[in-house]
1. Quick check on this structure: which one of Ala187, Ala164 is over 21 Å from Gly132 (Cβ atoms) and either of a type in the set (Ser, Thr, Tyr) or modelled with pLDDT of 90 or more (or both)?
2. Step by step: first the residues of the stretch 54-73, then only those that are touching a strand residue (DSSP E or B) at 6+ places or on another chain (Cβ under 8 Å) and not in a strand (DSSP E or B), then the one that is farthest from Leu163 (Cα to Cα). Which residue is that?
3. Is it the case that the stretch 142-160 has a residue that's among the polar types (S, T, N, Q), part of a loop (DSSP other than H, G, I, E, B) and buried (at least 19 other Cβ atoms within 10 Å of the Cβ)?
4. Within the stretch 148-161, can you find the residues that are within 23 Å of Glu68 (Cβ to Cβ) and either modelled with pLDDT under 95 or touching a Gly at 6+ places or on another chain (Cβ under 7 Å) (or both)?
5. Please go through the stretch 161-188 and give me each residue that is assigned to a helix (DSSP H, G or I), in contact (Cβ under 8 Å) with a residue 40 or more places away in the chain and farther than 22 Å from Ala85 by Cβ, ordered by number.
6. For the stretch 92-106, indicate whether the set of residues that are within 18 Å of Lys184 (Cα to Cα) and not in a helix (DSSP H, G or I) is non-empty.
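The values are calculated or read from the model by the stated rules, or taken from the named source; none is laboratory data. Computed from a predicted structure; not experimentally measured. Quick reminder, even Gly has a Cβ in these numbers, built from the backbone with ideal geometry, and neighbours come from all protein chains shown.
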Amino acid sequence: MRTITLNNTVSLAMAAMLALGGLSACHSKKKAAEAAKPPMGETEVKVFCTGPEYFTDKKNFRANSLGESMDQATAMKKAMSNARAAMASAINTQVKSVIDNYVNSRELNNREEVAERFEGLSREVVDQRLAGTRTICEKTVRVDNTGNYKSYVAIELSADDILAAYNERLSKDEMLKVDYDYEKFKATFDKEMEKMGH
């Protein structure tokens with residue numbers, strides 16, 4: 001007759017627990033994979049240069065887009081043009097909010113005229129600064145059934161660069177420099193950018 005020592009019993013028990021744990025982990029992974037599958041009749045589309053790492057945050061404005069053409073270079077140009085247009089729109093929207101909050105926080109007699117002047121300068125600044133965008137993702141693929149090229153691109157522009165460009169432009173404007181307070185404008189800008197990080 002064979003005797004099983006206490007050490008052997010513990011070893012067998014631990015091996016059994018590990019085996020059960022492994023089976024349970026495999027089962028959990030299988031369930032997670034099934035839950036991640038799209039519903040029947042639908043196919044998930046993976047889009048390059050998208051996702052949380054390409055969202056605007058408190059430090060950078062970001063935009064992404066795609067372009068399609070029979071010509072590879074044209075597809076890339078379209079993608080970049082679309083991304084820059086999206087970024088310009090996002091910056092203009094953000095800065096309009098900054099300007100509204102800044103102007104409303106100040107004691108100004110000609111509030112509407114000042115706001116309009118700020119917004120006019122805003123468009124000039126954005127147009128100038130878009131040349132300084134940095135490409136953070138770029139992928140080009142060929143579409144099998146059409147032979148066309150598709151380019152995906154993501155770009156970013158530093159919020160500090162935008163703020164510096166605004167400061168330079170606003171402080172030189174004859175009408176605005178009397179009422180312009182950089183520290184208050186920066187505080188308002190930073191507060192609005194903080195909201196983008198969430």
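1. The conditions single out Ala187.
2. Met70
3. No, there is no match, as no residue in the stretch 142-160 is among the polar types (S, T, N, Q), part of a loop (DSSP other than H, G, I, E, B) and buried (at least 19 other Cβ atoms within 10 Å of the Cβ).
4. If the condition is that a residue be within 23 Å of Glu68 (Cβ to Cβ) and either modelled with pLDDT under 95 or touching a Gly at 6+ places or on another chain (Cβ under 7 Å) (or both), then Ser151 is the only one that fits.
5. Listed by number, the residues that qualify are Leu170, Lys184, Phe185, Thr188.
6. yes
Okay, residues lined up against (1) within 19 Å of Asp160 (Cβ to Cβ); (2) surrounded by 15 or more Cβ atoms within 10 Å (Cβ to Cβ); (3) in contact with a helix residue (DSSP H, G or I) (Cβ under 8 Å, 6 or more places away or on another chain); (4) not assigned by TED's automatic domain parsing to the domain that holds Arg62:
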site	(1), (2), (3), (4)
Ala75	no, yes, no, no
Lys78	no, yes, no, no
Ala86	no, yes, no, no
Gln94	yes, yes, yes, no
Tyr102	yes, yes, yes, no
Glu107	no, no, no, no
Glu112	no, no, no, no
Leu121	yes, yes, yes, no
